[in-house]
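Asks: Supplied in structure tokens, the structure appears directly below.
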Amino acid sequence: MHPLSAEDIALVAPIDPDRMLARTQAWAAINSGTGNLAGLAQVAEALADTFAELPGEVSLCDPDPVTAIDTDGREVAQENGRHLVLSVRPEAERRVLLTGHMDTVYPPEHPFQDLRWLDDETLNGPGTADMKGGLAVICEALLALEQSPAACNLGYDVLINSDEETGSLSSAPLIARLAQGKYAALTYEPAALPDGTLAHSRGGSGNYAVVFTGRSAHAGRNPEDGRNALVAAADCAVRLKALQHADLPVNPAKIEGGAANNIVPDHAVLRFNIRPKTLAAADSFASTFKALLSDLEVRHEVTASPHGGISRPPKPVDARAQRLFDLVRKIEAASGRDTRWQPSGGVCDGNNIAALGVPVVDTMGVRGGAIHSPHEYLIVPSLQERAALSTLVLNRLAEGALS
Ligand SMILES: [Zn+2]
């Protein structure tokens, strides 16, 4: 394998690991749990200031309206933060999309809020790996790319959404719009393993709530007049679980509703998640689910109103996406690192980008681990490694590496 050329070495020379670390620390110190609108606004401002160092236009876009089903089965509005978009050289013929998210899974009342060094190279803190470190990598890689003579051939959009951890429901239309017609995309989720292993194909994910409405009656005086919504919900849970197969894990997660012991309950909400591994499994579930609800309505004489759906389509790796993976591996090999990848059961915005036929590697962020837990950590030297990798990948894309 050829080592990096003198040009490549010069290209990554401006990358400043101290600046990336300082930015990661500053952003991770601000709580930006998906529901913390004030914290998200504060992080968005800080990010907008930083990304303004790049050419192009930074804007903060309003979230699309999103609703959820509350415990009483009512559809209620769900608030989200604004999403940051940076658009550079929109007129360029070859354009790429880089995506990250500013939200974390830790609400302000969560005990995990502070940064702590575990050793010289390991920083424990909320969002350090997932993915404020990755956001610092995006900015640094683009600043370095802008020094390259090839940069003028490449336009790009950067999207940093505020709702990735809850499924990107308020940013999905924006992701779809920005991904349209892109040559390739890079998403900055942390590496799948602390050694840098990338996530390759991914299954999909769908979240649902079904609101069952029956008729209440006295449990002793006239139970025959009642239509038990809770029993219908329980029947639904059992029958959904029976639909599970190798390509379709199904998880009935929660039933809410019911009333006092002497009342036939007239409402219940069943929540469940599916993880279709293939597009065929996702499609066939949609029709089976519809038939199942009709059958439950007849059998239990209730109404069953579904809400939600597949928000993350399954992500297969097609030939063009594989070429992007191969490009990453080649650059890593030239840098003296051996890159592996493996399928992932997790989902991210890479699922939605791939669904539009755009090749994407979605674990271009830092190395670290224990994400979504108080043990989350960032392996600090990976900031430099990953920024250099991205700079070189972007430079090759600017030269038309996938054409
Ligand atoms: Zn993430």
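The values are calculated or read from the model by the stated rules, or taken from the named source; none is laboratory data. Fair warning: this is a prediction, and the values are worked out from it, not measured in the lab. For neighbour counting, all protein chains shown are included, and Cβ atoms are generated from backbone atoms with ideal geometry for every residue, glycine included. Surface areas here come from the heavy atoms of the whole protein model, side chains and all, with no ligands, DNA or RNA. Shrake-Rupley method; radii C 1.70, N 1.55, O 1.52, S 1.80 Å.
Asks: Using a Gaussian network model of the chain with C-alpha springs under 10 Å, which one of E121, E224, E75 is most mobile by mean-square fluctuation?
Replies: Among E121, E224, E75, the largest GNM mean-square fluctuation belongs to E224.
Asks: Right, another one. What list of ³J(HN,Hα) values in whole Hz, one per residue of region 124-129 in order, does the Karplus curve 6.51 cos²θ - 1.76 cosθ + 1.60 (θ = phi - 60°) give from phi, with Gly and Pro shown as x?
Replies: Computed from phi, the couplings for region 124-129 are 8, x, x, x, 4, 8 Hz.
Asks: Bin all alpha-carbon pair distances of region 224-358 at 5 Å intervals from 0 and give each bin's fraction as a whole percent.
Replies: For region 224-358, the pair-distance distribution reads 2, 8, 15, 16, 13, 11, 9, 7, 6, 4, 3, 2, 2, 1, 0.
Asks: Would you work out which of G204, L154, S168 lies farthest towards the positive end of the dipole of region 145-243? Charges go on Cβ: Lys and Arg +1, Asp and Glu -1.
Replies: G204
Asks: Enumerate the whole-percent occupancy of each 5 Å bin, from 0 to the last occupied one, for all C-alpha pair distances of region 4-100.
Replies: Percent of pairs per bin, in order: 2, 10, 14, 17, 17, 14, 10, 7, 4, 3, 1, 1, 0.
Asks: In addition: Once Lys and Arg get +1 and Asp and Glu get -1 on their Cβ, which of S216, P249, C236 lies farthest toward the positive end of the dipole of region 204-253?
Replies: My answer, from the dipole projection, is S216.
Asks: Please build a GNM for the chain, connecting alpha carbons under 10 Å apart, and tell me which residue among L60, L37, L243 fluctuates the most.
Replies: Ranking L60, L37, L243 by mean-square fluctuation puts L243 first.
Asks: Follow-up question, since we're still on this one. Which whole-number value in Å³ per residue fits the convex hull of the alpha carbons of region 53-104? Working shown, then result.
Replies: Values: hull volume 6.1 nm³, N = 52.
Convex hull volume per residue, Cα atoms: 118 Å³.
Asks: Using a 1.4 Å probe over the heavy atoms of the protein chains, calculate the carbon and sulfur portion of the accessible area of the chain as a whole percent. Could you put the intermediate results ahead of the total?
Replies: Values: 8910 of 16940 Å².
Roughly 53 percent of what the probe reaches on the chain is carbon or sulfur.
Asks: Can you give the accessible area per residue of the chain, in Å², using a 1.4 Å probe?
Replies: Normalised by residue count, the accessible surface of the chain is 42 Å².
Asks: Using the beta-carbon distance between A29 and D120 and R0 = 30 Å, what value does 1/(1 + (r/R0)^6) give for FRET efficiency, to the nearest 0.05? Write down the numbers at each step before the final one.
Replies: Details: r = 20 Å, r/R0 = 0.67.
Efficiency, from the Cβ-Cβ distance: 0.90.
Asks: If contacts are Cα pairs under 8 angstrom and at least 6 residues apart, what is the relative contact order of region 270-403 in percent?
Replies: Relative contact order for region 270-403 comes out at 21 percent.
Asks: Of all the C-alpha pairs in region 47-188, what % are more than 25 Å from each other?
Replies: Tail of the P(r) past 25 Å holds 36 percent of the pairs.
Asks: So what's the projected area for the chain, the Cα convex hull averaged over all directions, in nm²?
Replies: Values: hull surface 82.7 nm².
Computing the convex hull of the Cα atoms and averaging its projections yields 20.7 nm².
Asks: Once you've got the GNM for the chain with C-alpha springs shorter than 10 Å, pick whichever of A355, A237, A217 has the biggest mean-square fluctuation.
Replies: With Cα springs under 10 Å in the chain, the top fluctuation among A355, A237, A217 is at A217.
Asks: Okay, next question. Relative contact order for region 91-232 using alpha-carbon pairs under 8 Å, separation at least 6, rounded to a whole percent?
Replies: Working: 163 pairs, mean separation 44.0, N = 142.
Here the relative contact order equals 31 percent.
Asks: Please list, ordered by chain and number, the residues whose modelled amide H lies under 5 Å from the amide H of W341; skip anything fewer than 5 residues away on the same chain.
Replies: L198
Asks: Using the crude model of +1 on Lys and Arg Cβ and -1 on Asp and Glu Cβ, and no other charge, please compute the dipole size for the chain relative to its Cα centre, in debye to 20.
Replies: On the way: 34 positive and 50 negative charges, 239 e Å.
That gives a dipole near 1140 debye.
Asks: I've got another one for you. Find the centroid of the Cα atoms in region 139-162 and in region 214-292, then give the distance between the two in whole Å.
Replies: 48
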